[in-house]
Amino acid sequence: MQNLSLEKIVVSVGLGRARTSPQFEDKILPDISKELEEITGQKSSIRKAKKSIAGFKVREGDIVGLTVTLRGKRMKDFLGKLAGVVLPRMRDFRGLDLKNIDSSGNLTIGIREHVIFPEINQDTSRVAFGLEITLVSTAKNKEEGAEFYKSLGIPFKK
């Protein structure tokens, strides 16, 4: 347990159906990008499709998401805000499920509404989106990861 540490936190937003709406690149994408930057304190990078997938109406090169990778001080600040403020503000929150930890010890948290972050004003926000937060640690397995995240103050179901 002494040599375990948090390597990075990856925050990603999938754009999904928002891509197909008119004026996507003029209005919706900048709004989502700006609010993601307010949440993380860091500029987001655009993710484009690597392949065309006809079933999803996605062409190679289409913008499919935004991502931010946090390390160092920003990572620690974001983790404190996540565990202390954001997770308790989730509707009907009783703790995270231990199934959210994968076999290599990484924790993935899905958030349906971005307005639970204190930086976002629900009245002035024009777009609604969910995001996925992945905490990448040096843990070797699921059990080691669970103990490590509990020591960081992440609330789990009993």
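The values are calculated or read from the model by the stated rules, or taken from the named source; none is laboratory data. Because the structure is predicted, anything quoted here is derived from the model rather than measured. All Cβ positions, glycine included, derive from the backbone under ideal geometry; neighbour counts span all protein chains shown.
Residues checked against (1) over 25 Å from Ile154 (Cα atoms); (2) charged (D, E, K, R); (3) more than 14 Å from the chain's Cα centre (by Cα):
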| residue | (1), (2), (3) |
| --- | --- |
| Arg19 | yes, yes, yes |
| Ile32 | yes, no, no |
| Ser52 | yes, no, yes |
| Val64 | yes, no, yes |
| Thr69 | no, no, no |
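Do we have any residue at all in the stretch 116-125 that's in a helix (DSSP H, G or I), closer than 30 Å to Gln23 by Cα, touching a helix residue (DSSP H, G or I) at 6+ places or on another chain (Cβ under 6 Å) and β-branched (Val, Ile, Thr)? Walk me through how you get there before you give the answer.
The initial filter retains those residues of the stretch 116-125 that are in a helix (DSSP H, G or I), namely 116.
With closer than 30 Å to Gln23 by Cα added as a condition, the list becomes 116.
Then keep just the ones that are touching a helix residue (DSSP H, G or I) at 6+ places or on another chain (Cβ under 6 Å); that gives 116.
If we keep only those that are β-branched (Val, Ile, Thr) as well, we get 116.
Yes, the stretch 116-125 contains a residue that is in a helix (DSSP H, G or I), closer than 30 Å to Gln23 by Cα, touching a helix residue (DSSP H, G or I) at 6+ places or on another chain (Cβ under 6 Å) and β-branched (Val, Ile, Thr).
A search for C-beta distances below 7 Å between a residue of the stretch 49-65 that is under 21 Å from Phe129 (Cβ atoms) and at pLDDT 85 or above and any residue that is part of a loop (DSSP other than H, G, I, E, B) and among the acidic types (Asp, Glu), counting only pairs 6+ apart in sequence or on different chains, returns Ala49/Glu60; Ala49/Asp62. Here Lys27 meets the list (1) under 30 Å from Leu152 (Cα atoms); (2) out of contact with any helix residue (DSSP H, G or I) (no Cβ under 8 Å at 6 or more places or on another chain) almost entirely, failing just condition (1).
Here the stretch 112-123 is the region considered, the condition is being surrounded by 12 or more Cβ atoms within 10 Å (Cβ to Cβ) and acidic (Asp, Glu), and the residue that is nearest to Thr67 (Cα to Cα) is Glu113. Looking across the stretch 128-158, just one residue is of a type in the set (S, T, N, Q), in contact with a helix residue (DSSP H, G or I) (Cβ under 9 Å, 6 or more places away or on another chain) and surrounded by fewer than 18 Cβ atoms within 10 Å (Cβ to Cβ), and that is Thr138. When residues in the stretch 87-117 are screened for being more than 12 Å from the chain's Cα centre (by Cα) and among the β-branched types (Val, Ile, Thr), 3 of them pass.
Out of everything in the stretch 66-111 that is outside any helix (DSSP H, G or I) and acidic (Asp, Glu), what residue ends up being surrounded by the fewest Cβ atoms within 10 Å (Cβ to Cβ)? Going through the qualifying residues, I end up with Asp92.
Condition check: loosely packed, with under 12 Cβ neighbours inside 10 Å and in contact with a strand residue (DSSP E or B) (Cβ under 7 Å, 6 or more places away or on another chain). Does Gly61 satisfy that? It is true that Gly61 is loosely packed, with under 12 Cβ neighbours inside 10 Å and in contact with a strand residue (DSSP E or B) (Cβ under 7 Å, 6 or more places away or on another chain). Annotation note: of Lys8, Lys99, the sole residue that is within 25 Å of Gly145 (Cβ to Cβ), free of Cβ contacts under 8 Å to residues at least 12 places away in the same chain and charged (D, E, K, R) is Lys99. The residues in the stretch 17-32 that are surrounded by fewer than 16 Cβ atoms within 10 Å (Cβ to Cβ) and under 23 Å from Leu82 (Cβ atoms) can be counted, and the count is 1. Taking the criterion of being among the hydrophobic types (A, V, I, L, M, F, W, C) and more than 22 Å from Thr134 (Cβ to Cβ), the residues of the stretch 10-28 that qualify are Phe24, Ile28.
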